[in-house]
Amino acid sequence: MNVGIDAVAIHAGKLRLDLAETLAPALDEEPEKFTKGLGLHASSFPDVEEDIVTMGANAAHKLMERKGLTPDDIGRIDVATESAFDNAKPVSTYVAGCLEQVYDEDFHHANKGERKFACIAGTQSLDDAYNWIRAGRNRGRAALVIATDTALYARGDAGEATQGAGAVAMLIAENPDLVEMSVEQGFGSADETDFLKPNQQFPSVDGQRSVQVYLARMREALEDYESVAEETHPDQFEYIPFHTPFPGMVRKAALLGYRHMIRNTEIEADLTAAIGEQPRPDGFDDEAQYRDAVRDYMDALKETDAYAAWYDDTIEPTLDIARHVGNWYTGSVHVARASALRSAREAGIDMTGKSLLLGSYGSGAQAEIHVETVQEEWTEEIDALDIDEQLAERRDISFAEYEEIHDVHNHDKEIDIDAFTTPSEEFVRDGSGPMDERTYRYVE
């Protein structure tokens, strides 16, 4: 049985903050710190009437309308988020309630849930839906997986420039049109404290530690994948979408992955004359010396033409969208996949039958590696993405307006301002109910 992602839709926050022109001057920072260091140019933010529910519901509605689906076609709705506002009622119930405003049927017989494991929860939700279908419990129905987040940091936090907001809705089904997911998976997991939200809205982050944990778990996951599948090779994958909190972190993960995959290959042999042989642990008596040697080797590897060409072809296309929207937490690796396939479509590359190596990560910490095979109908799905139009239509905000919108979405603040944009054919938040629950409506 082939199971995977049949369709995808994206909804970006409707406001845009230019990092070089607006944020950098206000923070007295050099623009290059953001554009070159982080690899980011802009962030997306939700307007006053937007939140994780409206973004998720709007992405899901777009997907269902395009595929001609009704609630009767959906057997489960899983929402992955680390921006939830209720510790009991899952976001999926709110999303279903929104969608039931525009369909005659309801989702009363669909299983609904919410996944939490930082940014990897979106991929874990895909795994849950995949397993549900392969177990034969779906009754012929598909699963709706939604990754939706508003990634805000406290004002003045080092992560402030990486903020972003948006949702990715994915339809998981038999005989998918977009990608088939591999049975084989690899995991790297450990009890870590690199990024936490202990009953608080804004994260507590140990930035340097988080990068190291990310790389360590990714390496473990790749090794675990190879233990149940096969050894990987750089030429095996057309693209490698990584979890992308910011493109600068992906640069580190890509170099680590490339070093691992070229080990004992003709690529390593060809590079030996220029940069020497890759260090092996058994060649050193001291762990520190080995680590220093690996660091020197990776610095040299990064400067080779072979690595630069591989990175430009395999990694760079996955980052196109992220550069202009920022971090979407649970949705970021799924944005990277869409970015890669969109780039292939624009370049006229036939992706049918070709492989993606997906690297997901969530702080706390866990990484997952699996392979996806692109299906024959992939071009129709990618052509249907309207992310370029969405990004072009976003309203640019000033720094003062950014401060206001940051306060609007700060749960600890009460601020009443008018929306910056006018909603049309979309779900919006319209207030609170008697139990302080959020309420929503559809705007024609």
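Would you pick out the residues in the range 225-248 that are outside any loop (DSSP other than H, G, I, E, B) and without any contact (Cβ under 8 Å) to a residue 40 or more places away in the chain?
Here is the first cut: in the range 225-248, the residues outside any loop (DSSP other than H, G, I, E, B) are 225-228, 234-236, 239, 242, 247-248.
235 - this is the single residue of the range 225-248 that is outside any loop (DSSP other than H, G, I, E, B) and without any contact (Cβ under 8 Å) to a residue 40 or more places away in the chain.
For the range 387-405, what are the residues that are β-branched (Val, Ile, Thr) and either within 19 Å of residue 8 (Cβ to Cβ) or loosely packed, with under 12 Cβ neighbours inside 10 Å (or both)?
Residue satisfying the conditions is 387 alone.
Going through the range 129-147 one residue at a time, which ones are crowded, with 19+ Cβ neighbours inside 10 Å and part of a helix (DSSP H, G or I)?
129, 130, 132, 133
For the range 294-313: of the residues being out of contact with any Lys or Arg (no Cβ under 7 Å at 6 or more places or on another chain), of a type in the set (A, V, I, L, M) and modelled with pLDDT of 95 or more, which is surrounded by the most Cβ atoms within 10 Å (Cβ to Cβ)?
The first filter runs over the range 294-313 and keeps only residues out of contact with any Lys or Arg (no Cβ under 7 Å at 6 or more places or on another chain), leaving 294-297, 299-300, 302-313.
If we keep only those that are of a type in the set (A, V, I, L, M) too, we end up with 294, 300, 306, 308-309.
Then drop every residue that is not modelled with pLDDT of 95 or more, which leaves 300, 306, 308-309.
On the way: 300: 14, 306: 17, 308: 11, 309: 10.
Among them, the one singled out is 306.
Could you count how many residues in the range 314-323 are surrounded by fewer than 23 Cβ atoms within 10 Å (Cβ to Cβ) and within 13 Å of residue 164 (Cβ to Cβ)?
Of the residues in that region, 1 qualify.
Quick check on my filter: what residues within the range 414-432 are surrounded by 14 or more Cβ atoms within 10 Å (Cβ to Cβ) and either in a loop (DSSP other than H, G, I, E, B) or among the aliphatic types (A, V, I, L, M) (or both)?
Matches in the range 414-432: 419, 420, 421, 423, 428.
Taking helices (runs of 4 or more DSSP H) that fall entirely within the range 289-396, which contain at least 2 residues that are more than 23 Å from residue 245 (Cβ to Cβ) and either more than 20 Å from the chain's Cα centre (by Cα) or without any contact (Cβ under 8 Å) to a residue 60 or more places away in the chain (or both)?
Numbers: elements: 305-314, 322-325, 332-347, 378-383, 387-393.
Because the criterion is at least 2 residues that are more than 23 Å from residue 245 (Cβ to Cβ) and either more than 20 Å from the chain's Cα centre (by Cα) or without any contact (Cβ under 8 Å) to a residue 60 or more places away in the chain (or both), the helices (runs of 4 or more DSSP H) in the range 289-396 that meet it are 305-314, 332-347, 378-383, 387-393.
Would you mind telling me which numbered condition in (1) surrounded by fewer than 16 Cβ atoms within 10 Å (Cβ to Cβ); (2) at pLDDT 95 or above residue 199 fails?
Every condition holds for residue 199 apart from (2).
Can you confirm whether residue 347 is over 29 Å from residue 81 (Cβ atoms) and either among the β-branched types (Val, Ile, Thr) or open to solvent by 60 Å² or more (accessible area, probe 1.4 Å) (or both)? Before you say what the answer is, go through the steps one by one.
Details: over 29 Å from residue 81 (Cβ atoms): yes; either among the β-branched types (Val, Ile, Thr) or open to solvent by 60 Å² or more (accessible area, probe 1.4 Å) (or both): yes.
Yes.
Looking at the range 4-32, which of its residues are surrounded by fewer than 20 Cβ atoms within 10 Å (Cβ to Cβ) and out of contact with any helix residue (DSSP H, G or I) (no Cβ under 7 Å at 6 or more places or on another chain)?
18, 21, 25, 27, 28, 29, 32 - these are the residues of the range 4-32 that are surrounded by fewer than 20 Cβ atoms within 10 Å (Cβ to Cβ) and out of contact with any helix residue (DSSP H, G or I) (no Cβ under 7 Å at 6 or more places or on another chain).
Taking only the range 346-404 into account, find how many residues are acidic (Asp, Glu) and over 26 Å from residue 130 (Cβ atoms). Talk me through it step by step, then tell me what you get.
Pass one, the range 346-404, residues acidic (Asp, Glu): 346, 350, 368, 372, 376-377, 380-381, 383, 386, 388-389, 393, 396, 401, 403-404.
Still in the running and over 26 Å from residue 130 (Cβ atoms): 346, 386, 388-389, 393, 396, 401, 403-404.
Looking only at that region, the number is 9.
So the check is Cβ under 9 Å with 6+ separation or different chains; which pairs have a first residue in the range 194-212 that's within 11 Å of residue 363 (Cβ to Cβ) and among the acidic types (Asp, Glu) and a second one that's in a loop (DSSP other than H, G, I, E, B) and open to solvent by 70 Å² or more (accessible area, probe 1.4 Å)?
Short answer, once both residue conditions are applied: 194/206; 206/193.
Which one of 169, 151, 165, 190 is under 16 Å from residue 362 (Cβ atoms) and within 17 Å of the chain's Cα centre (by Cα)? Full working, then the answer.
Numbers: 169 fails: under 16 Å from residue 362 (Cβ atoms); 165 fails: under 16 Å from residue 362 (Cβ atoms); 190 fails: within 17 Å of the chain's Cα centre (by Cα).
Matching residue, one of 169, 151, 165, 190: 151.
How many residues does the range 115-126 contain that are at negative phi, open to solvent by less than 20 Å² (accessible area, probe 1.4 Å) and either in a strand (DSSP E or B) or not polar (S, T, N, Q) (or both)?
Matching residues across the range 115-126 total 5.
I'd like the residue in the range 148-195 that is of a type in the set (D, E, K, R) and closer than 30 Å to residue 412 by Cβ and, out of all such residues, is most open to solvent (accessible area, probe 1.4 Å). Show your work before the answer.
Filtering the range 148-195 for residues of a type in the set (D, E, K, R) gives 149, 155, 157, 160, 174, 177, 180, 184, 191-192, 194.
Okay, now just the ones that are also closer than 30 Å to residue 412 by Cβ, so 149, 155, 157, 160, 191-192, 194.
Details: 149: 0, 155: 96, 157: 51, 160: 6, 191: 144, 192: 28, 194: 0 Å².
Only one residue fits best here, namely 191.
Can you name the residue in the range 202-214 that is open to solvent by 70 Å² or more (accessible area, probe 1.4 Å) and assigned to a helix (DSSP H, G or I) and is also modelled with the highest pLDDT among such residues?
First, the residues of the range 202-214 that are open to solvent by 70 Å² or more (accessible area, probe 1.4 Å): 206, 208-209, 212.
After this cut, where a residue has to be assigned to a helix (DSSP H, G or I) as well, the list is 208-209, 212.
Working: 208: 85, 209: 90, 212: 93.
Once the filter is applied, the top-ranked residue is 212.
Name the residue that is nearest to residue 198 (Cα to Cα), counting only residues in the range 359-368 that are open to solvent by less than 10 Å² (accessible area, probe 1.4 Å) and out of contact with any Lys or Arg (no Cβ under 7 Å at 6 or more places or on another chain).
By that ranking, first place goes to 362.
The values are calculated or read from the model by the stated rules, or taken from the named source; none is laboratory data. Fair warning: this is a prediction, and the values are worked out from it, not measured in the lab. All Cβ positions, glycine included, derive from the backbone under ideal geometry; neighbour counts span all protein chains shown. Please note that ligands, DNA and RNA were not included when accessible areas were found on the heavy atoms of the full protein model with its side chains. Shrake-Rupley method; radii C 1.70, N 1.55, O 1.52, S 1.80 Å.
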